[in-house]
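Colleague: The following block contains the structure, expressed as structure tokens.
The values are calculated or read from the model by the stated rules, or taken from the named source; none is laboratory data. This one's a predicted model, so the numbers in the text were calculated from it and none came from an experiment. Cβ sites come from the backbone with ideal geometry, for glycine too, and all protein chains shown count toward neighbours. We work out accessible area using only protein heavy atoms, side chains counted, and drop any ligands, DNA or RNA first. Shrake-Rupley method; radii C 1.70, N 1.55, O 1.52, S 1.80 Å.
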Amino acid sequence: MSYLVLARKYRPETFAKVVGQEPIARTLQNALKTGRLAHAYLFTGPRGVGKTSMARILAKALLCESGPTPEPCLTCARCKGVAAGHELDVLEIDGASNRGIENIRDLRESVRYAATGGKYKVYIVDEVHQITQDAFNAFLKTLEEPPPNVIFVFATTEPRKVPETIRSRCQEFEFRRIPDAAIAGHVRDVCAGENFTLASGLDAAIARRARGGLRDALSLLDQLAAFGAGTIGHEAFQELTGYLAPERVRELFDALVERDAARAFAWLDDALRHGTAGADLLDQWLEHLRALLHARVGSTRPPELAGIAPGSLEAQAQSFDETQLLGAMQVVIEARRTLREIEDERLVLEMALVELARIRELEELRDAIARGGAGPTATTAPPSTPRPAPRAAPAAPVPPSATPSLAPPPASHRPPLASAVPPPAPRAASSLPVPATPAAPAAPAALSALSAPPPAASVAAPPPSAAPQPPVVPPAVVPPPVAPPAPIAPARPFAVGGGGAAAVPALEPSPLGAPARFEQLRAAVQKEAPSLASLLDTVVPVREEGATLWVRGKPGAPAPALPNARLDEATRRLGKKLFGQAWLVRADVVVERPPSDGPTPAQSLLKQLTARFGGETVSGGGEVRA
């Protein structure tokens, strides 16, 4: 008799022996007890978790001579026929090789015939997602209203490829990945039944390697038993899988704790020369970091590492804090992702080791940020370059006869000025030439009357017969001293007699010390870590301050997620290499003031001018409009 592999020899025969899928087994058993059986079932889940085995157990429970029963006897002819695969009323169909319309037509013809000896006919269709869309459409009517003695059981590893019209006509059960503890227990039971000698801790190592699939675990156990002639040790496991003993991984992290990158490189060279794959090494590093994180936070159920005592990782765990461990795990995950894009796995692993050796420097970086040495945080806007005040337009020349009297009204008739109205922005004197006129312009006198205390007597206009006066440049209005406002987003300026408020364009980026510095830094980050370069693709440089490069988000782009610890690490290193100085990238955050629905300060001031001087401009040129 030919050898039967362990995965087939130890295939479960009853619901109670299915490992890791107890809720589904209990549901099907209760359905058999109460007679609430569906006409179609859809079993979904990853490979090796018991989908096909559960379908065969259901077929035994339906066709058993004492059935339908939740516990098939396994001794009658029909139960043995289902287990052997030659029962006429149980048809197992491979969806990958029977995927066309012609195959579905044959299936529709066969369901019309009654069962040969039992009460039911069971159709088990494996890899049902391989069936074509046209074949699914041809199968819809039969699936929705099958004969009363027919039950369909579909199994698939990719349920998203099954049309919704098929899934809605079935009872769907999702098979989960089997826990490592359940797989390890089953591996120990199989070793006891086969008289294998299993080294301590290897059951957990096999379970982790299987990644939730019991069939994969039994297949690996079969290989290890053949390699060691029934004796399964850590050496055999390392030779076949490339996984190193956890004690060896602990030695690597001892070197990283001491920041000894040279010793870590020697460890890596030895591991690669023994044939260990780079992806397997990264997986083990991540597993060890997870164990350190559990030890650091005081977890009551830490992950088990074969060959390492539970308390032996405490000293290593105390050398890091939680933030450093999380950062180290991000480094390994990023290296795992980069390994799919770069063929030179040694380069990727060496870069990851250097970053892991320097991960403790993050504490120093956090201290520098707390002291304010790394630039402002995201909640504080950096000081912006002040813009010069807009220049006032020169006053037009006014003939002496058109100049009205500028004597202010008595104090009792003056309208009170609102105390809440802010003073107007200072206006610079115009540098444009002013034509000579016989009388001085009256606008400065009116505005001076507003900013100065009211005079004791009215000021009369110069008589027409007065001698011509030289042209006078309008002086700048000096507002009362006020406290400087907090830096805000560009506000809306105003202009007298020019249509009210107008929008100011966005702040112009300050010229960089070297125009290509930002692009050189972004290109270097793109070459080293493409995932980090995405942070720089959505921003534009604004200015440089010392060794800090301030950036803003592009129009329409989300706010930049800065500062970023890993980006800081990369820019510091690349800045030293490119420019001889470590560089940091920070977001130039500006708080924008929403526009007000009420009148602007300019409109309020002009309204008071109109009320005080009769709705006429001081030059007589027309009505003042906000």
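Colleague: State whether one or more residues within region 353-360 are modelled with pLDDT of 85 or more, open to solvent by 70 Å² or more (accessible area, probe 1.4 Å), closer than 22 Å to residue 547 by Cα and assigned to a loop (DSSP other than H, G, I, E, B).
Modeller: Looking through region 353-360, at least one residue is modelled with pLDDT of 85 or more, open to solvent by 70 Å² or more (accessible area, probe 1.4 Å), closer than 22 Å to residue 547 by Cα and assigned to a loop (DSSP other than H, G, I, E, B).
Colleague: Something else: For region 117-137, what are the residues that are surrounded by fewer than 19 Cβ atoms within 10 Å (Cβ to Cβ) and not in a loop (DSSP other than H, G, I, E, B)?
Modeller: 130, 133, 134, 137
Colleague: Same structure again: Is it true that residue 236 is touching a Phe, Trp or Tyr at 6+ places or on another chain (Cβ under 6 Å) and within 30 Å of residue 3 (Cβ to Cβ)?
Modeller: So residue 236 fits the description; yes.
Colleague: Now for a separate question. Out of the residues in region 343-352 meeting the condition of being over 24 Å from the mean Cα position of the chain (by Cα) and open to solvent by 70 Å² or more (accessible area, probe 1.4 Å), tell me which one is modelled with the lowest pLDDT.
Modeller: Among those that are over 24 Å from the mean Cα position of the chain (by Cα) and open to solvent by 70 Å² or more (accessible area, probe 1.4 Å), it is 343.
Colleague: Looking only at region 529-585, how many residues end up being outside any loop (DSSP other than H, G, I, E, B), closer than 22 Å to residue 330 by Cα and either hydrophobic (A, V, I, L, M, F, W, C) or open to solvent by 10 Å² or more (accessible area, probe 1.4 Å) (or both)?
Modeller: Qualifying residue count, region 529-585: 18.
Colleague: Which condition number does residue 73 fail, the rest of (1) closer than 21 Å to residue 17 by Cα; (2) open to solvent by less than 20 Å² (accessible area, probe 1.4 Å) being met?
Modeller: Tallying (1) closer than 21 Å to residue 17 by Cα; (2) open to solvent by less than 20 Å² (accessible area, probe 1.4 Å), residue 73 fails exactly one: (2).
Here is a yes/no grid of residues against (1) open to solvent by less than 10 Å² (accessible area, probe 1.4 Å); (2) farther than 22 Å from residue 91 by Cβ; (3) free of Cβ contacts under 8 Å to residues at least 24 places away in the same chain:
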site: 25; (1), (2), (3): yes, yes, no
site: 39; (1), (2), (3): no, no, no
site: 46; (1), (2), (3): no, yes, no
site: 57; (1), (2), (3): yes, no, no
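Colleague: Within region 615-622, identify whether any single residue is among the aliphatic types (A, V, I, L, M), surrounded by 14 or more Cβ atoms within 10 Å (Cβ to Cβ) and at pLDDT 60 or above, and answer yes or no.
Modeller: Scanning region 615-622 turns up no residue that is among the aliphatic types (A, V, I, L, M), surrounded by 14 or more Cβ atoms within 10 Å (Cβ to Cβ) and at pLDDT 60 or above.
Colleague: If you go through region 215-227 one residue at a time, do you hit one that is closer than 24 Å to residue 291 by Cβ, open to solvent by less than 30 Å² (accessible area, probe 1.4 Å), among the hydrophobic types (A, V, I, L, M, F, W, C) and not in a helix (DSSP H, G or I)?
Modeller: There is no residue in region 215-227 that is closer than 24 Å to residue 291 by Cβ, open to solvent by less than 30 Å² (accessible area, probe 1.4 Å), among the hydrophobic types (A, V, I, L, M, F, W, C) and not in a helix (DSSP H, G or I).
Colleague: Next question, about the same structure. Collect the residues in region 250-285 that are aliphatic (A, V, I, L, M) and within 18 Å of residue 238 (Cα to Cα), keeping them in residue-number order.
Modeller: Passing the criteria: 252, 268, 271, 272, 277, 279, 281, 282.
Colleague: Another question about this same structure. So, of the residues in region 175-191 that are touching a strand residue (DSSP E or B) at 6+ places or on another chain (Cβ under 9 Å) and part of a helix (DSSP H, G or I), which turns out to be farthest from residue 304 (Cα to Cα)?
Modeller: The selected residue is 191.
Colleague: Grab the helices (runs of 4 or more DSSP H) fully contained in region 1-116, keeping just those with 1 or more residues being under 48 Å from the mean Cα position of the chain (by Cα) and under 19 Å from residue 171 (Cβ atoms).
Modeller: In region 1-116, 22-34, 51-63 are the helices (runs of 4 or more DSSP H) which contain 1 or more residues that are under 48 Å from the mean Cα position of the chain (by Cα) and under 19 Å from residue 171 (Cβ atoms).
Colleague: Is region 526-535 home to any residue that is out of contact with any Cys (no Cβ under 6 Å at 6 or more places or on another chain), among the small types (Gly, Ala, Ser), at negative phi and free of Cβ contacts under 8 Å to residues at least 40 places away in the same chain?
Modeller: Within region 526-535, one or more residues are out of contact with any Cys (no Cβ under 6 Å at 6 or more places or on another chain), among the small types (Gly, Ala, Ser), at negative phi and free of Cβ contacts under 8 Å to residues at least 40 places away in the same chain.
Colleague: Tell me, which residue of region 230-256 that is of a type in the set (D, E, K, R) and open to solvent by less than 60 Å² (accessible area, probe 1.4 Å) is nearest to residue 312 (Cα to Cα)?
Modeller: Applying the filter and picking the extreme gives 250.
Colleague: Still on this structure, I have one more. Can you name the residue in region 98-135 that is among the hydroxyl-bearing types (Ser, Thr, Tyr) and under 22 Å from residue 54 (Cβ atoms) and, of all such residues, is modelled with the highest pLDDT?
Modeller: Only one residue tops the list, namely 123.
Colleague: Is region 142-159 home to any residue that is outside any strand (DSSP E or B), of a type in the set (Val, Ile, Thr), buried (at least 19 other Cβ atoms within 10 Å of the Cβ) and touching a His at 6+ places or on another chain (Cβ under 9 Å)?
Modeller: No; the residues of region 142-159 include none that is outside any strand (DSSP E or B), of a type in the set (Val, Ile, Thr), buried (at least 19 other Cβ atoms within 10 Å of the Cβ) and touching a His at 6+ places or on another chain (Cβ under 9 Å).
Colleague: Mind checking which pairs have a first residue in region 126-147 that is of a type outside the set (Phe, Trp, Tyr) and a second that is part of a strand (DSSP E or B) and open to solvent by 80 Å² or more (accessible area, probe 1.4 Å), Cβ under 8 Å, 6 or more apart or different chains?
Modeller: Going by the 8 Å Cβ cut-off, the qualifying pairs are 126/92.
Colleague: If you go through region 175-198 one residue at a time, how many are in contact (Cβ under 8 Å) with a residue 12 or more places away in the chain and among the acidic types (Asp, Glu)?
Modeller: 2
Colleague: Ok, one more. Would it be correct to say that residue 502 is under 22 Å from the mean Cα position of the chain (by Cα), over 23 Å from residue 335 (Cα atoms) and either surrounded by fewer than 18 Cβ atoms within 10 Å (Cβ to Cβ) or modelled with pLDDT under 75 (or both)?
Modeller: no
Colleague: State whether the residues of region 171-183 include one that is among the basic types (Lys, Arg), surrounded by fewer than 16 Cβ atoms within 10 Å (Cβ to Cβ), more than 28 Å from residue 303 (Cα to Cα) and modelled with pLDDT of 90 or more.
Modeller: no
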